[in-house]
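The values are calculated or read from the model by the stated rules, or taken from the named source; none is laboratory data. In this text, all values refer to a predicted model and were calculated from it rather than measured experimentally. We place every Cβ from the backbone using ideal geometry, glycine too, and count neighbours over all the protein chains shown. Accessible surface areas use protein heavy atoms only, side chains included; no ligands, DNA or RNA. Shrake-Rupley method; radii C 1.70, N 1.55, O 1.52, S 1.80 Å.
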Amino acid sequence: MGGRTRAFSLKTIYLAALTVAFAVSCFAFALFDIHSQREQTQAALLEEARTFAREMDAVWKFMDNSQTIINTTSNGVYEFKGLHCAVVGKSVGALFSAGSDYAIRYTNFNPRNEQGIPDEFEAQALETFYADPSVTEHYGTALFEGEERFRYIRALEVDESCLECHGDPQGEVDVTGYQKEGWELGGVGGAISIVIPIDQHQQALRDNVVRDIAFFLLITVVIGSIVYVATAFFVLRPLRGLQGAFGEMRAGRLGASLDEARTAKEVDVLISGFNDMAGELHDMYGHLESQVQARTSDLRKANELLEGQRDKLERLNAELAQEARFKSDLLSMVNHELRTPLTSIITFAQISRESCGPDRESDRRSWEEIEKNSLILLNMINDMLDIARSDAGTVHASREPMDLGDVVASVRSTMAPLARKYAVTFRTSVASDVPLVFGDFEKTTRMLENLASNAVKFTPDGGSAELRVAYDAQARTVTLSLVDTGIGIAPQDQERIFERFVQVDSTSTRKYNGSGLGLALVREYADVQGFEVSVESELGCGSTFTITVPEEAIVGEDDV
């Protein structure tokens, strides 16, 4: 048996589950809060950048609207002062950025001065604006002068005021002394780039996240503590009491009981059931002593009865032993006192029958009758002796190579006088390819003699019986078949005939009396040699008894 798996207390499991739940929920809340704070921070930075862009647009439009006043003298003469909107916008952006981490600048591909050359982030935004005029903003966190900043780029749309200095014809020198770029109305005229530091925002994000997580932990600890205290009071406390009560019962104190007050409903049901069980056990234990005494008295009476039965069995065993000795003596007597004279009678009958000449036919028939009936009696005695040996477990079969042709010849010589007596034609045939087989020559001969005598016994005058031995090369088996044209056997009797002292047709047996042991011995001799016996028969159409010798009982080349 394997070791018992270590069990954890309900308190440990409960605390572990709460800890895991708190850890998972805290981690999920932290991820959600960080994501939310980042989105809020980015939204605030984006709104700040858009505000700067709107303010710069306002300065640009103011200067554009004031160009007439700025460039016209008090005498009404137009005199360009060089203070156009682009110069003012860039100057205001430079003044705003001076002394701070903010930066506001204007950029474009092929600008009129080097300060307007775009960096990588600005170039990416300009490419997006020129590729898709519907996109007007590009923002995100990126490096600026080696530090991470919030970058905001917004496209500048070309209006009527821009065409004076940047419109057609392309290449013409404008009032500022630069060649016009050939911009078209509504196109992209560069972009305004705004850089906002994010250090303070990131610090605020971290502070907010730490504050939110601390508050969340405080709330979860408070809730968990309340749940734990309630569970410990209403569940764990009663269960500890129940555990102690079971310990008392284990120590033999069956009067233990529990208080059902201040417990959960489910635990209350459990405690109530325990109290009921404890009460029943206490009552049962109270009557146990009297029950034990009653059972002890019953056991004493049973022992006395068994003692009497044992004495009776001893007497019966003695009687059986005496009967066994009587049976053994009887079999010994039959074996020595009956077989010896019968053998002598058969021998003298054969000699007398053979010495009768043609003029003494009646004497020959008499001696033949004596010989036949003596053989019948001897076979019956041999059958009974063999059955007795089988019951005693002393029947054994030898395993030696034997020629089935010799066996068949022996059976033919034994059965020939019986067949002639009852006018039954008896034939034998052995196929030329039948191999030698392992078995007991005497028991195999007895099997075939019993089958042959039954065939003659149950075949009417003028019928026939044939013993056939064949070899099935495909199945690797040898079959010994006894085929007759007798009265046949009903299907319901075909298995019963192999039982001892069974004779299915008492009328037919009067023709050739028997003990009903022949077929039982055939089955037992076949089993002890590893052979199989089967029967096929139909009433009025004869029978076929087959002994099958399996492949493992066939003598092979390696056994020779």
Per-peptide average of other Cβ atoms within 10 Å, ordering 220-227, 547-554 highest first: 547-554, 220-227
Take E122, E466, E172, E314 and sort them by solvent-accessible surface of the protein heavy atoms, 1.4 Å probe, largest at the top. E314, E172, E466, E122
Quick note, the stretch 177-241: a/c under 1.5 would make it rounded; otherwise a/b > b/c is prolate and the rest oblate (a ≥ b ≥ c, C-alpha gyration tensor); here it is prolate
Measuring from label point to label point, each 7 Å out along Cα→Cβ, what is the E400 to V59 span in nm? 13.3 nm
Take the Cα atoms of the stretch 1-79, find their three principal axes, and give me the spread along each one in whole Å, biggest first. 116, 22, 8
Could you tell me the accessible area of D33 in Å² (1.4 Å probe, neighbours in place), rounded to the nearest ten? 10 Å²
Kindly report, to the nearest 10 Å², the accessible surface of F426 as traced by a 1.4 Å probe over protein heavy atoms only. 30 Å²
Integer Hz, Karplus 6.51/-1.76/1.60 couplings in order for the stretch 186-200, x for Gly and Pro: x, x, 8, x, x, 7, 9, 10, 10, 10, 10, x, 10, 4, 5
Separation of the R237 and V173 label points, Cα + 7 Å toward Cβ, nm: 10.0 nm
Please work out how much length the chain gains when fully extended from T19 to S225, using 0.36 nm per residue of separation minus the C-alpha to C-alpha distance, in nm with one decimal. 73.0 nm
Environment charge at E114 (Cβ cut-off 15 Å; Lys +1, Arg +1, Asp -1, Glu -1): +1
Sort H35, H138, H396 by heavy-atom solvent-accessible area, probe 1.4 angstrom, most to least. H396, H35, H138
Ordering R38, R476 by the accessible surface of their heavy atoms, 1.4 Å probe, largest first, yields R38, R476
For the residue pair E499 and Q124, what label-to-label distance in nm results when each label sits 7 Å from Cα along the Cα-to-beta-carbon direction? 10.1 nm
In what sequence, highest mean first, do 63-75, 519-531 appear when ranked by Cβ atoms within 10 angstrom? 519-531, 63-75
Stokes-Einstein D (µm²/s) once Rh is taken as the Kirkwood radius of the stretch 46-115 over alpha-carbon pairs, at 4 °C in 1.567 mPa s: 94 µm²/s
From the backbone phi of the stretch 477-490, what are the Karplus-calculated ³J(HN,Hα) couplings (6.51 cos²θ - 1.76 cosθ + 1.60, θ = phi - 60°) in whole Hz, Gly and Pro given as x? 9, 10, 10, 10, 10, 10, 10, 10, 10, x, 6, x, 10, 5
Roughly speaking, what is the centre-to-centre gap between the stretch 132-194 and the stretch 434-494 when only Cα atoms are used, to the nearest Å? 120 Å
Can you give the net charge of the other residues whose Cβ lies under 13 Å from the Cβ of E172, counting K and R as +1 and D and E as -1? -3
With a ≥ b ≥ c the root eigenvalues of the C-alpha gyration tensor of the stretch 80-200, is it rounded (a/c under 1.5), prolate (a/b larger than b/c) or oblate? oblate
I need the phi-derived Karplus couplings for the stretch 161-175: 6.51 cos²θ - 1.76 cosθ + 1.60, θ = phi - 60°, integer Hz, Gly and Pro marked x. 5, 6, 5, 4, 9, 10, x, 7, x, 5, x, 6, 7, 8, 5
Distance from a point 7 Å along Cα→Cβ of T73 to each backbone N in the stretch 142-185: keep the residues under 20 Å and list them by number. 175-176
